[in-house]
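A quick write-up on the structure given underneath.
None of the figures in this text is laboratory data; all of them are computed from the coordinates on show. Note that this is a predicted model, so its numbers are computed, not measured. Because the Cβ atoms are built from the backbone with ideal geometry, glycine has one as well, and the counts that use them run over all protein chains shown.
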Amino acid sequence: MEPAEFFTFLHTPHSHFLTPLTQGNIRVFCRVRPLLPSDHAENLEHHCISSIEESHSGRESKVQRVFPPCSSQEVVFEDISLIVQSALDGYNVSIFAYGQTGSGKTYTMEGPHPLQDDTMGIIPRAVHQMFNSVVELKDKGWKYTFTASFLEIYNETIRDLLVDKTVKKEHKIKRPTSNAVHVTNRKYLNVETVEEVLSLIKIAKQNRATACTRMNESSSRSHSVFQLKIEGLSKKGNITSTLTLIDLVGSERIDKSESRDRLKETKAINCSLSNLGGVFIALANKDTFVPYRNSKLTYLLQNCLGGNSKT
Ligand SMILES: Nc1ncnc2c1ncn2[C@@H]1O[C@H](COP(=O)(O)OP(=O)(O)OP(=O)(O)O)[C@@H](O)[C@H]1O
């Protein structure tokens, strides 16, 4: 048994749990978004990506590649397309977008709305690539089916983004067997075309919890988890895998002047991100115990990150 392959997209170089992640099956990329008018960057000379030697914290952050602000969505996707492809071979693949509020996670994962060919992000590109490959694999005797789901975890509560937000249903994570994670009342949809997936992204966007923050006018206040269950049948054998694309909630400093609800929200966000960091570190260190159950996100992804993943 080998651990699952997964990637972390990182937008800020000041991550505490980065360094150990650059070993093994975990790779980290850094994308720097362009400056926006709302950044009020009066003096552009003061904005640069500093190397380790110049970093005043002295903390080393190894990344596979840094994408500068001018990098297009296409260029960013090129580097991960091979990994996305390996999901069709039975590998569980997870891609995380991690970074400060407003650093461009949702832009990287989904792309600006309305979605367009040149600016669409990782989720639509990944699906596009998969559906194209399946046509070629059909000639080699493979038949694939894809089932999509889209969840969010807000304040440690799971919501189904494919169901109207006025519908209140309780979702619990269950593990009927060691290699199955089941979310009660989760909506699964068979998808066959890219257009179907695009419409799911649109529905999910409308249902996701957002708020206006200091750093982002429309800030996502939850983790969003898009999962594509892949089943391939052929005379040579069958494969089952999951492609998981996660747009993490933005990391933020606690501002004591915030309202009680917002403070509670920020604390839950920081706690959840720190638990995710704990899991990454345990996996990178190949610890015998990985604290998956410390948060809903890691419990939900247990089989995609380690455990019985076919990698
Ligand atoms: N590479 C980019 N090119 C152009 N605009 C970008 C880029 N990345 C992000 N932006 C813009 O920056 C703003 C913030 O981006 P986005 O909402 O994706 O950030 P986020 O990290 O998901 O924030 P949050 O954690 O608050 O949800 C948006 O207006 C988005 O369109």
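Some points to look at:
- Other residues lying with their Cβ under 11 Å from the Cβ of Gln206 contribute a combined charge of +3, Lys and Arg counting +1, Asp and Glu -1.
- For region 164-206, applying the loop criterion from DSSP together with a ceiling of 11 other beta carbons within 10 Å to the GluC sites (Glu not before Pro) yields Glu170.
- Zone residues, region 73-116, relative to Glu136, backbone N less than 16 Å from point 7 Å out along Cα-to-Cβ: 78-90
- Taking packing as the residue-averaged number of other Cβ atoms within 10 angstrom, the listed peptides 270-277, 160-167 run from highest to lowest as 270-277, 160-167.
- Theoretical FRET efficiency, 1/(1+(r/R0)^6), r = Cβ-Cβ of Thr184 and Cys271, R0 22 Å, to 0.05: 0.40
- If the segment from Phe289 to Thr147 were pulled out straight at 0.36 nm per residue, it would be longer than the present Cα-Cα gap by 48.0 nm.
- Highest-first arrangement of 83-95, 285-297, where packing means the average Cβ count within 10 Å: 83-95, 285-297
- Residues of region 134-165 falling in the label zone of Asp261, defined by backbone nitrogen less than 17 Å from a point 7 Å along Cα to beta-carbon, are 154-157, 165.
- If you take all other residues with their beta carbon under 12 Å from the beta carbon of Leu189, and give Lys and Arg +1 and Asp and Glu -1, the sum is 0.
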